[in-house]
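Trainee: Okay, here's the structure, questions in a sec.
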Amino acid sequence: MKYRTLGRTDLKVSEICLGTMTWGEQNTETEGHEQMDYALSEGVNFFDTSEMYAVPPKPQTQGATEKIIGTWLKARGNRDKVILATKVAGRSPMNWLRDDKSGTEQSRAQIMEAVDKSLARLQTDYIDLYQLHWPDRPISLFGGHGLTYKHIEAESHAIHTILEALAEVMKAGKVRHIALSNETPWGTMKFVAEAEARGLPRVQSIQNAYNLINRTFELGGAEIAHREQVGLLVYSPLAQGYLTGKYQNGALPEGSRKQLFNRLQRYENPQGNAAIEDYLAIAKKHGLDASQMANQFATTRSFTTSNIIGATTMEQLKLAVTSRHVKWTDELEADINAAHARNPNPCP
């Protein structure tokens with residue numbers, strides 16, 4: 001396992017990060033513990049979760065994933081072996097995360113409440129990396145409208161006030177470092193600029209979707225990652241399973257996310273289907289498992305700090321964690337880039 005520096009901190013995180021969002025919905029506590037045991041044995045020292053998980057978000061399972069991590073940390077007594085990342089929700093109508101039943105927002109009061117609740121569920125007294133799950137301001141997210149920015153006027157908290165609240169929880173020792181998630185290049189640079197201008201904490205990473213059929217991070221985020229050391233924590237490297245080939249030709253595997261929740265329409269369009277077929281053919285040409293090729297693509301990018309993998313079975317998890325052993329050749333890179341040129345970013 002290789003380790004990379006997280007932003008401008010002294011933390012060294014594994015190039016593979018263990019994603020956890022299925023625990024408490026598709027996976028039991030026992031299965032979550034088994035995944036963490038295996039990941040740690042393979043050198044993975046970086047776990048990612050959120051106050052909102054398990055997914056899909058609903059009142060009955062909210063916080064379940066953090067609780068599963070908490071019982072594992074307590075049972076194993078190995079908090080010092082893990083760099084733990086979690087998230088606070090952005091603005092939304094979800095009214096089951098806060099005691100007063102209000103929708104989520106990144107106000108000082110809500111950040112304070114969210115941090116304390118995450119610490120209790122995780123059974124720890126500090127969070128290594130605390131991420132803003134999505135912006136407080138209104139923007140089109142999660143496969144909304146491709147690359148076109150659509151301005152929306154609505155109430156939101158100023159970025160400097162969000163940073164001030166995060167500075168408080170850091171000063172209290174509850175959070176070591178802060179970061180962004182599902183953020184735009186403008187938003188990332190605004191957080192950096194406000195921190196520098198006001199002497200507030202600096203964001204250390206950004207967790208965005210990135211995969212073979214969604215390389216939009218390269219359009220603006222990659223330069224920020226290099227110049228400002230706000231590296232990418234990749235999520236959805238397999239495009240929620242589509243790059244494994246398991247949904248090929250309309251297949252709907254029993255127990256798959258699409259079969260259970262029917263939520264993945266962003267990956268279903270003619271351009272996306274053509275691109276997926278292209279990448280599956282490239283994997284076959286090079287004698288590679290398609291999922292391992294897709295994961296290693298994300299892991300090997302120069303702007304990637306860590307690739308967040310996820311699995312519902314141990315077989316899937318082992319394929320994901322060992323994808324780091326795939327040899328990334330110049331020929332493979334050329335084939336991937338040629339496919340991208342033919343059909344760029346069909347599923348942003």
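Trainee: Taking only the range 319-335 into account, find how many residues are closer than 13 Å to N295 by Cα and surrounded by 12 or more Cβ atoms within 10 Å (Cβ to Cβ).
Mentor: So the count comes out to 8.
Trainee: When only residues in the range 305-318 that are out of contact with any helix residue (DSSP H, G or I) (no Cβ under 6 Å at 6 or more places or on another chain) and buried (at least 21 other Cβ atoms within 10 Å of the Cβ) count, which is nearest to V55 (Cα to Cα)?
Mentor: That would be G310.
Trainee: May I ask you to verify whether A239 is of a type outside the set (V, I, T), surrounded by 15 or more Cβ atoms within 10 Å (Cβ to Cβ), in contact (Cβ under 8 Å) with a residue 40 or more places away in the chain and outside any helix (DSSP H, G or I)?
Mentor: So A239 passes the test.
Trainee: In addition: Check Q131, Q123, Q106 and return the single one that is touching a helix residue (DSSP H, G or I) at 6+ places or on another chain (Cβ under 9 Å), of a type in the set (S, T, N, Q) and under 26 Å from L232 (Cβ atoms).
Mentor: Checking each option against the conditions leaves just Q106.
Trainee: Can you name the residue in the range 15-68 that is of a type in the set (S, T, N, Q) and closer than 21 Å to G90 by Cα and, of all such residues, is surrounded by the most Cβ atoms within 10 Å (Cβ to Cβ)?
Mentor: T65
Trainee: Of all residues in the range 98-127, count the ones that are within 22 Å of Q204 (Cα to Cα) and surrounded by fewer than 21 Cβ atoms within 10 Å (Cβ to Cβ).
Mentor: Of the residues in that region, 9 qualify.
Trainee: Here is a further query. Just one of (1) in contact (Cβ under 8 Å) with a residue 60 or more places away in the chain; (2) of a type outside the set (F, W, Y); (3) part of a helix (DSSP H, G or I); (4) in contact with an Asp or Glu (Cβ under 8 Å, 6 or more places away or on another chain) trips up I308, so point out which.
Mentor: The single condition I308 does not satisfy is (3).
Trainee: Collect the residues in the range 170-186 that are crowded, with 19+ Cβ neighbours inside 10 Å and either hydroxyl-bearing (S, T, Y) or more than 22 Å from K12 (Cα to Cα) (or both), keeping them in residue-number order.
Mentor: S181, N182, E183, T184
Trainee: Related question: Hey, I152 hits all of (1) over 27 Å from K74 (Cβ atoms); (2) in contact with a strand residue (DSSP E or B) (Cβ under 8 Å, 6 or more places away or on another chain); (3) free of Cβ contacts under 8 Å to residues at least 40 places away in the same chain but one; which does it fall short on?
Mentor: Unmet condition: (2).
Laboratory data are not the source of any read-out in this text; all were calculated from the coordinates shown. This is a predicted model, so every value here is computed, not measured. All Cβ positions, glycine included, derive from the backbone under ideal geometry; neighbour counts span all protein chains shown.
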